[in-house]
Amino acid sequence: MTEFLQQLLNGVLLGAIYALIALGYTMVYGVLRFINFAHSDVFMLGAFVAWYAVERLGLPTQSLVGGMAALLLSMSVCAILGVIIEKLAYKPLRQRSTLTVLITAIGVSLLIQNLAQNSRLGFGPNPRAFPALFPSRQLHLGALTVSTHQLVVLAVAVGLLGLLYWIVHHTRTGTAMRALSFNATAASLVGIPNDRIISFTFGLGSALAGAGGVLYAMNYPSIDPLMGTLPGLKAFVAAVLGGIGNLPGAALGGLVIGLVETFVSGTRLSTFRDAIAFGILIAILLFRPAGLLGKLKVEKV
């Protein structure tokens with residue numbers, strides 16, 4: 001029973017990180033109806049921004065203030081980067097086919113990865129040890145062992161998910177986002193600045209990806225320019241599993257994928273944990289293409 005509860009806790013923590021990344025995918029899809037595959041590389045950049053904040057700017061490690069400063073800096077830089085990517089790469093293609101935008105998204109992803117691996121322009125190909133941003137202690141809750149880093153990950157993830165829900169459902173900008181996702185033409189006719197809302201959506205999603213990168217690196221403290229590929233793909237699976245374009249669905253999907261991956265890792269099938277995650281994607285597309293919380297929509301062509 002103790003091992004089950006320990007694995008359950010680990011799965012929830014991993015699922016919360018996947019949920020943060022998946023929300024970025026699903027927000028962009030909800031507004032523009034395409035998948036931003038460069039999102040996983042923004043996740044990677046978030047971890048490297050925090051690393052540079054400590055190694056180059058001298059932010060203190062194992063400090064609550066220093067850790068929060070590094071986290072906020074990563075989110076801010078990633079938000080700005082998300083807006084720049086949208087303006088330069090995606091905005092000129094809004095009237096083009098979905099396939100054109102999809103190929104562009106893959107190209108942007110590969111561009112960021114290759115620039116990051118360049119020793120002169122980026123971070124270099126070698127892995128870097130990620131510093132301990134927050135105070136690190138082991139806490140014993142009965143038979144369970146919990147680190148303060150895990151508690152920080154859970155608190156930050158839940159807080160950001162709650163903040164996102166409040167923005168989307170209780171602010172004028174969130175109302176504009178929902179209107180734009182429902183009908184972009186009608187939204188512009190009633191005075192909603194579509195370009196500004198789209199940029200805000202990209203910035204918000206990228207900030208969540210940056211936070212996810214920092215939280216992921218805290219749990220798996222080795223970062224490299226390709227670190228976002230597999231977590232990004234799993235977060236995409238989570239978004240599809242929950243219902244692409246559905247925010248609660250993305251959060252639920254991230255939690256499910258995190259739990260499945262963690263529990264599979266504790267069995268003889270541990271070497272197949274990634275295959276099982278993508279097997280879930282195939283199964284959901286075959287048997288429930290709208291996802292767990294999504295609804296099928298009929299489109300006129």
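The values are calculated or read from the model by the stated rules, or taken from the named source; none is laboratory data. Note that the structure is a prediction, hence the values are computed from the model and not measured. Cβ atoms come from the backbone with ideal geometry, glycine included; neighbour counts cover every protein chain shown. Ligands, DNA and RNA are stripped out before the accessible areas are found, and what is left, the full protein with its side chains, is counted by its heavy atoms. Shrake-Rupley method; radii C 1.70, N 1.55, O 1.52, S 1.80 Å.
Conditions tested, residue by residue: (1) among the basic types (Lys, Arg); (2) more than 16 Å from Gly210 (Cβ to Cβ); (3) touching a Leu at 6+ places or on another chain (Cβ under 7 Å).
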position: Leu81; (1), (2), (3): no, no, yes
position: Lys91; (1), (2), (3): yes, yes, no
position: Ser119; (1), (2), (3): no, yes, no
position: Ala132; (1), (2), (3): no, yes, no
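One residue stands out among those in the stretch 115-142 that are part of a strand (DSSP E or B) and under 18 Å from Ala47 (Cβ atoms): the one that is least open to solvent (accessible area, probe 1.4 Å), which is Arg128. Residue check: is Ser74 of a type outside the set (Phe, Trp, Tyr) and under 16 Å from the mean Cα position of the chain (by Cα)? Yes, satisfied.
The residues listed here are Val31, Val49; of these, the one that is under 20 Å from Ile223 (Cβ atoms), surrounded by 20 or more Cβ atoms within 10 Å (Cβ to Cβ) and among the β-branched types (Val, Ile, Thr) is Val49. Of the numbered criteria (1) surrounded by 19 or more Cβ atoms within 10 Å (Cβ to Cβ); (2) assigned to a strand (DSSP E or B); (3) polar (S, T, N, Q), the one Thr145 fails is (1).
Of all residues in the stretch 159-173, those that are assigned to a helix (DSSP H, G or I) have Cβ atoms under 8 Å from Cβ atoms of residues that are surrounded by 11 or more Cβ atoms within 10 Å (Cβ to Cβ) and of a type in the set (S, T, N, Q), 6 or more apart or on another chain, in Ile167/Thr173.
Being open to solvent by 50 Å² or more (accessible area, probe 1.4 Å) and in contact with a Leu (Cβ under 9 Å, 6 or more places away or on another chain) is the requirement here; does Thr61 meet it? Judged against the criteria, Thr61 is a match. Restricting to the stretch 202-227, name every residue that is modelled with pLDDT under 90 and under 18 Å from Arg273 (Cβ atoms). Hits for the stretch 202-227 are Asn219, Tyr220. Does Arg178 fit the bill of being farther than 19 Å from Tyr90 by Cβ, of a type in the set (Lys, Arg) and free of Cβ contacts under 8 Å to residues at least 12 places away in the same chain? Yes.
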